[in-house]
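Peer 1: My questions will all concern the structure given below.
What follows draws every value from the coordinates through simple rules; no lab data is involved. Every value quoted in this text rests on a predicted model; they were computed, and no experiment measured them. Virtual Cβ from ideal backbone geometry, glycine too; neighbours counted across all protein chains shown.
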Amino acid sequence: MRVLLAETRVLPPRVAWFRARARRLARATGDEFTLASATRAEEVGRILALARGASTVVELGTGTAWTSIALALADRRRRVVTYDPISRPERDGYLELAGRAARERIALVDRPGESGPLPGADPPDFVFLDSSHEWEETLATFAAWRAALAPGGTIVFHDYDEPRYPGVTEAIRELGLEGEAFGHLFVHRTRA
């Protein structure tokens, strides 16, 4: 109950409610991977604020889809396309918790982020890069999505300045990207 109260301070109610139910499911099924790897509520709150107004969002690194679901639940008009070469079996249970309306706006693509957008895909307004934390793959993923991003779009790198994942910070520095850091999120906005 304490976690739910804390999350309602930083997350929209629908997202906080989903996360409470998802945590309960994770504990009941012994899904330690998700409990350890899910993006922290404070970071999700910041991501949702940064994505405000974005109608086409791409997440690179689906995992068990908690962030994809949060992005869909936070805006009923938003379409979320999420890429990950690994289809985690736990993901389906969390998508069920999201409800049909949110699930219908989430497209799962079983490909790595560095493969870039699918042919004919709408340019995303917002990209959340949380896939490989390796330097080379972070560079390749950014290169694959940079040109696809809508003018004035935003790309957010997760695990920036995180000692366990130095490749993300090294890649951002090598790219010479301008932006802002919010904890372990690095935000780069393109020119309109």
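Peer 1: If you place +1 on the Cβ of every Lys and Arg, -1 on the Cβ of every Asp and Glu, and leave all else neutral, what size is the dipole of the chain about its Cα centre, to the nearest 20 Debye?
Peer 2: Details: 26 positive and 27 negative charges, 236 e Å.
It works out to roughly 1140 debye.
Peer 1: Follow-up. Karplus couplings for the range 163-172 from phi (6.51 cos²θ - 1.76 cosθ + 1.60, θ = phi - 60°), rounded to Hz, Gly and Pro as x?
Peer 2: Along the range 163-172, the couplings run x, 6, 10, x, x, 5, 5, 4, 5, 4 Hz.
Peer 1: Between helix 13-29 and the chain, what is the angle of the helix's C-alpha long axis to the longest principal axis, kept within 0 to 90° and rounded to the nearest 10?
Peer 2: 70 degrees
Peer 1: For a paramagnetic label modelled at 7 Å from the Cα of Ala148 toward its Cβ, which residues of the range 40-65 fall within the zone defined by backbone nitrogen distances under 19 Å?
Peer 2: Hits in the range 40-65 for Ala148 at 19 Å: 51, 54-65.
Peer 1: In whole Å, what is the distance between the alpha-carbon centres of the range 79-124 and the range 1-78?
Peer 2: 14 Å
Peer 1: Right, something else. How much of the DSSP bridge set in the chain is antiparallel, in percent, rounded to the nearest 5? It would help to have the intermediate numbers written out before the result.
Peer 2: Details: 8 of 25 bridges.
Of all bridge pairs located within the chain, approximately 30 percent are antiparallel.
Peer 1: Can you give the angle from 0 to 90° between the axis of helix 41-50 and the longest principal axis of the chain, with both taken from C-alpha atoms, to the nearest 10?
Peer 2: The two axes meet at around 50 degrees.
Peer 1: Same structure, new question: Which order do the peptides 136-148, 173-185, 54-66 come out in when sorted by mean C-beta neighbours inside 10 angstrom, highest first?
Peer 2: Numbers: 136-148: 17.8, 173-185: 13.7, 54-66: 24.2.
Ranking, from highest mean packing down: 54-66, 136-148, 173-185.
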